[in-house]
1. Rounded to the nearest 10 degrees, what's the angle between the helix 314-326 long axis and the longest principal axis of the chain, both from Cα atoms, 0 to 90?
2. Give the order of 108, 2, 331 when sorted by the count of other beta carbons within 10 angstrom, beginning with the fewest.
3. Determine the equivalent ellipsoid of the range 184-345 by diagonalising the alpha-carbon gyration tensor, then write out the semi-axes as square roots of 5 times the eigenvalues, largest first, rounded to whole Å.
4. Whole angstrom only: what separates the Cα centroid of the range 347-367 from the Cα centroid of the range 118-164?
5. Would you compute, from DSSP H runs of 4+ residues alone, the mean residue ellipticity of the chain at 222 nm, taking -39500 (n - 2.57) per run and dividing by the full residue count, rounded to the nearest 500?
6. As I understand it, the value is the acute angle between the Cα axis of helix 126-135 and the longest principal axis of the Cα atoms of the chain; what does it come to in degrees, rounded to 10?
7. Helix 228-237 against the longest principal axis of the chain: what's the angle in degrees, Cα atoms only, rounded to the nearest 10?
8. So how do 86, 353 line up by other beta-carbon neighbours within 10 Å, fewest first?
């Protein structure tokens with residue numbers, strides 16, 4: 001007997017962590033061979049910049065999603081509904097209406113949380129009651145143990161499963177040799193969003209430039225709430241034109257090539273859960289610098305595979321970047337350790353196995 005699982009998840013475009021995980025679940029042979037799967041795409045935004053905004057087009061897409069869900073519940077009668085729940089903002093209230101429909105049909109629910117923020121927006125009042133409503137009787141999959149505090153008031157830990165993300169190993173043949181031109185390439189690989197720490201990084205680069213260090217920071221990603229004009233204005237005001245390069249959005253072999261030839265990966269984020277880009281950096285043997293945000297401490301072993309710095313602390317970020325710029329052996333040892341850990345814990349196969357086991361155990365509880 002194959003249990004019937006209805007997946008409500010995000011599929012690209014746009015490309016971001018949650019949509020890529022949704023894509024890998026949708027394409028997973030292991031998951032699709034284990035369960036009788038149906039899928040509904042929850043994304044109503046076509047670009048990163050339009051995420052979180054309101055439009056009539058989005059309302060119409062949601063109406064279509066709601067009726068698609070109704071049809072699936074009636075026809076398929078799933079044993080389990082998997083929902084990539086959005087926890088805050090406009091999309092949260094959309095998901096509440098989907099949860100309400102699922103609850104009417106008394107189908108077991110499991111929420112896979114790729115975002116956070118509940119603790120900040122639900123101190124009391126109507127929002128708190130809504131969170132109690134949607135989490136009551138539900139199981140929750142978290143990317144890291146460090147993310148439990150965000151839902152502690154609404155979900156007992158006995159209803160939580162931990163499932164770190166994983167990514168496909170690169171199959172690109174890029175050779176074993178890295179460039180040796182004396183310039184240290186620092187890579188920022190993410191959409192250009194303020195909360196990813198773009199401006200914090202530019203301030204840290206200014207400190208390094210004032211010290212006369214030799215480096216180039218590569219910015220690879222699409223523009224988000226930091227527009228093209230805003231980004232280049234910020235670079236110019238810090239006089240970093242000769243120390244930065246903007247590559248735009250890069251994917252596939254091009255992305256792996258940039259990772260392979262970079263020396264350091266940096267993500268000074270202050271709003272994240274479990275950034276896939278850090279796993280990509282580990283896969284390519286890069287030392288990592290990021291923050292004590294979300295589940296990042298489960299990815300980076302501070303002082304071993306990289307450095308964890310305080311959020312928005314420009315001087316600490318500059319200090320750790322300087323250490324890695326000046327110490328090749330440290331870059332190599334951290335990168336090598338990170339690569340070993342990646343293949344031991346964070347491949348897509350590891351993720352698929354963990355998620356399949358979790359869903360299977362929840363389906364068996366139904367019967």
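What follows draws every value from the coordinates through simple rules; no lab data is involved. All values derive from a computational prediction rather than experimental measurement. Every residue, glycine as well, gets a Cβ built from its backbone with ideal geometry; the counts of neighbours run over all protein chains shown.
1. Roughly 60 degrees between the two axes.
2. Working: 108 17, 2 12, 331 20.
Final ranking by Cβ density, sparse to dense: 2, 108, 331.
3. Numbers: eigenvalues 98, 59, 47 Å².
Three semi-axes, in Å: 22, 17, 15.
4. Computed from Cα coordinates, the inter-centre distance equals 20 Å.
5. Values: 13 runs with 158 residues, N = 367.
It lands at -13500 deg cm²/dmol.
6. Helix 126-135 and the main axis of the chain meet at about 80 degrees.
7. Helix 228-237 sits roughly 30 degrees off the main axis of the chain.
8. Working: 86 23, 353 15.
Going from least to most buried by this count: 353, 86.
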